[in-house]
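Working notes, structure below.
The values are calculated or read from the model by the stated rules, or taken from the named source; none is laboratory data. From a predicted model like this one, the values you see are computed outputs, not experimental measurements. Backbone-built Cβ (ideal geometry, glycine too); neighbour counts: all protein chains shown. For the accessible areas, the whole protein counts, side chains as well, though only heavy atoms, and no ligand, DNA or RNA atoms are used. Shrake-Rupley method; radii C 1.70, N 1.55, O 1.52, S 1.80 Å.
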Amino acid sequence: MLREYQQRTINELYAWFEAGNEGNPCLVLPTGSGKSHIIAALCKDALQSWPETRVLMLTHVKELIVQNAEKMRQHWPNCPMGIYSAGLGRKELGEPITFAGIQSMRSKAKLIGHVDLVIIDECHLIGHKDEGGYRTLLSDIYQTNPNVRVIGLTATPYRLGHGYITDKPAIFDALIEPVSIEELIYKGYLSTLRSKLTATKLEVDGVHKRGGEYIEAELQAAVDTDDKNSRVVAEIIKLGAERKSWLIFCAGVAHANHIKDALTEQGIVAECVTGETPSNERDRMLKEFKSGRIQALTNANVLTTGFDAPGIDLIAMLRPTMSPGLYVQMAGRGLRIADGKTDCLVLDFAGVVEQHGPITAVIPPPKKGDRVGEAPVKVCDNCQEICHLSVRECPACGTPFPEPERPMLRLHNLDIMGADGTDFEVTTWTWRKHISRASGKEMLSLTYYGSLSDPPVTEYLAVTHDGYAGEKSRRLLADIAYKAGVVLDYGTAELHEMAQLLTEGQPPSAIEFRREGKFFTVLQRTWT
């Protein structure tokens, strides 16, 4: 049985196709939302509605193949399914549904033959250029069936150096985002993340970049020192004293091993998993970690996607990264719920929360060649020389600049969720139809009022817009209307009619908001 938002996901996907859209959509779903269940339901519905359909379900790691296949069996015990994966020792072709690893399947298009639907989990790994395993296989499949449709699933629909995975050239044409992290936490399907200031900061001064990301050898040299490792481990042990399951992301293989050794020296049962770890050893470590026999697991670049350990209640980020996708994938390992788990503590030694923002509002990377803004500057108070922000003294007159104030994460421990803001007790609200000056499109505006001394807070819902902005606003409108006790007729009602109904509904008792320039962002709405 699907959860409501999982069925909503499928409904929105079908609605996208029924609207006559061409191309390939991508379903954007938070980590822990149950993508495997959605994949299983899609496969089952496709086969039962159109028995001649042939489905190929692809992913990049054997753990995800097993996970997706297991959920398929749960939804449809007698489903006609085969698995093609060298890592699993299975090469089963000929069934209507094939679950496969891309490494094993990339050159096997002729073996699998005609395919009607390709479903790709963790599809952000597909490159924009017409090269690589996924693009090679899809090109060969298109030769057999030019009408094949591709559906992607990911929690992070962007790639470092390329921007969104719908930015051309790309195989995906639209992002469908049926549910948010906030909604899943509110409904109890995901765990809250907390973040705490760490005294130790892993600096990357002087570390160069290649392809937009830090060069691993230089990054390890900068962060992997005996002194830093000792201080990091001491702080993890102190702040994680009440935590049972620690997952630690490191800057490279050597770093991961050194952190594991430092933990072991302090009496912590710890292991290290890297790409060099033999398969049987890796399987043993992950099993013991999930069972609680191993308290701390360090890793380098291997436990970001496809790793499901719901009991994780502490994540330590020791890997600076320019990739917002990698940041979200790392933090996402702590989102799953488990018995006895109230939240997951994120210790950000690498400054990635500060750099990329809360996981509920991550800024995607720019496309290659796009400018990300003018170089920051500052002005000398003595001679008014315009200087680069990085200089310590004015190159014109020698006057020293004051030490810059380092941005600090606030300490109420919810920064990674984007929950820092100003509380506001609401007495009433007003909804109006609004015309966007920028686009000329109709919107809904919502103004919250408090006491006479409180300035009103207004937010705008772009419910008639296309793409991500429209989808997000429509989801938010549906959620607010439900909590306000208002039933909206989305099919025929005009915006001014909706505004009137919503104004008469029950407003939240309080909101938390943040001012951004002349506009407001409402972070949370609370109904008592």
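Brief remarks follow.
- Computed packing ranks the peptides 276-283, 265-272 as 265-272, 276-283, most packed first, by mean other Cβ atoms within 10 Å.
- Projected area averaged over orientations for segment 45-99, convex hull of C-alpha atoms, nm²: 3.6 nm²
- In this rough spin-label picture, where each label sits 7 Å from Cα along the Cβ direction, the Leu93-Lys110 distance is 1.0 nm.
- Rg and Dmax, both from the Cα atoms of segment 109-166 and both in Å, are 12.0, 34.
- Chain lengthening between Glu18 and Glu265 when straightened (0.36 nm per residue, less Cα-Cα): 82.9 nm
- Surface share of carbon and sulfur [accessible, 1.4 angstrom probe, percent] for the chain: 51 percent
- With the simple spin-label model, which puts each label point 7 Å out from Cα in the Cβ direction, the Glu131 to Arg73 separation comes to 4.0 nm.
- Residue (of Thr430, Gln524, Tyr164) at the positive-pole extreme of the chain, dipole from beta-carbon charges: Tyr164
- Where only alpha carbons of the chain are counted, the Rg and the Dmax (Å): 25.0, 80
- Remark: the Cα gyration tensor places segment 446-528 in the oblate category, a/c being 1.5 or greater and a/b not exceeding b/c.
- For segment 1-158: relative contact order, % (alpha-carbon pairs under 8 angstrom, 6 or more apart): 27 percent
- Burial order of peptide ranges 304-310, 226-232 (average beta-carbon count within 10 Å, highest first): 304-310, 226-232
- Straight-distance crosslink candidates among aspartates and glutamates, where the alpha carbon sits under 16 Å from Lys44 and sequence neighbours closer than 8 are dropped: Glu52, Glu70, Glu95, Asp116
- Inter-label distance, Glu425 to Arg437: 3.4 nm, where each label sits 7 Å from its Cα along the C-beta direction.
- Each listed q (0.12 Å⁻¹) maps to a log10 I(q)/I(0) for segment 80-129, found by the Debye formula over equal Cα scatterers with no solvent: -0.27.
- Remark: relative contact order (the chain) = 12 percent; criterion is Cα-Cα distance under 8 angstrom and separation of 6 or more residues.
- Computed as a quarter of the hull surface, the mean projected area of the alpha carbon convex hull for segment 141-256 stands at 12.0 nm².
- The Cα-based radius of gyration and maximum Cα-Cα distance (Dmax) for segment 211-330 are 13.5, 40 Å.
- Within segment 278-320, the proportion of Cα pairs with more than 15 Å between them is 44 percent.
- Diffusion coefficient, µm² s⁻¹, Stokes-Einstein with Kirkwood Rh over alpha-carbon pairs of segment 76-221 at 37 °C and 0.692 mPa s: 174 µm²/s
- Between the residues His255, Thr192, Thr277, the greatest Cα displacement towards the positive end of the dipole of segment 161-279, with unit charges on the Cβ of Lys, Arg, Asp and Glu, is found for Thr192.
- Residue-averaged [θ]222 nm for the chain, counting only DSSP H segments that reach four residues, each worth -39500 (n - 2.57): -9000 deg cm²/dmol
- Of all lysines in the structure, the ones whose alpha carbon falls short of 21 Å from that of Lys62, not counting any fewer than 8 places away in one chain, are Lys35, Lys71, Lys91, Lys108, Lys287, Lys290.
- Förster radius 22 Å - calculated FRET efficiency between Gln7 and Tyr186, Cβ distance, rounded to 0.05: 0.75
- Residue-by-residue Karplus 3J(HN,Hα) for segment 251-256, coefficients 6.51, -1.76, 1.60, Hz, glycine and proline x: 7, x, 4, 4, 4, 4
- Calculated FRET efficiency, Asp45 to Lys168, Cβ-Cβ distance, R0 = 30 Å: about 0.50 to the nearest 0.05.
- Shape of segment 1-134, Cα gyration tensor, a/c cut at 1.5: rounded
- Using 0.36 nm per residue and subtracting the Cα-Cα separation, the extra length available between Glu203 and Glu393 on full extension is 66.2 nm.
- Remark: the Asp283-Ala493 segment gains 70.1 nm on full extension, using 0.36 nm per residue and subtracting the alpha carbon distance.
- Most to least packed among 166-179, 86-99, 315-328 [average Cβ atoms within 10 Å]: 315-328, 166-179, 86-99
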